[in-house]
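The values are calculated or read from the model by the stated rules, or taken from the named source; none is laboratory data. In this text, all values refer to a predicted model and were calculated from it rather than measured experimentally. No Cβ is skipped: glycine too gets one built from the backbone with ideal geometry, and neighbour counts run over all protein chains shown.
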Amino acid sequence: MNIKLILCSGIVTALAGSVIGLAGAEIGQRDFNQLQFESEFYSKLYSQYAWIGAGIGFAIGVGEACLLGLKE
């Protein structure tokens, strides 16, 4: 398996996942001009959406690259 290809695929999909996470955090707000949260848990979770999206994106990218490497 090509490690460079696997890491590159993971990093690219991690970037895409972080952008999707940030977009989801912005869309999920009730009022776009003012941040509103139900509880403190959700206010902390809002700042972690980008990291959650990046982690999921990295896992998906690495998994896909590994599966394509096994197919060759």
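Some observations on this one:
- When the helices (runs of 4 or more DSSP H) confined to the chain are screened for residues that are at pLDDT 90 or above, those reaching at least 2 such residues are found at 3-27, 49-71.
- Residue tally, condition free of Cβ contacts under 8 Å to residues at least 24 places away in the same chain and in contact with a helix residue (DSSP H, G or I) (Cβ under 7 Å, 6 or more places away or on another chain), over segment 1-20: 0
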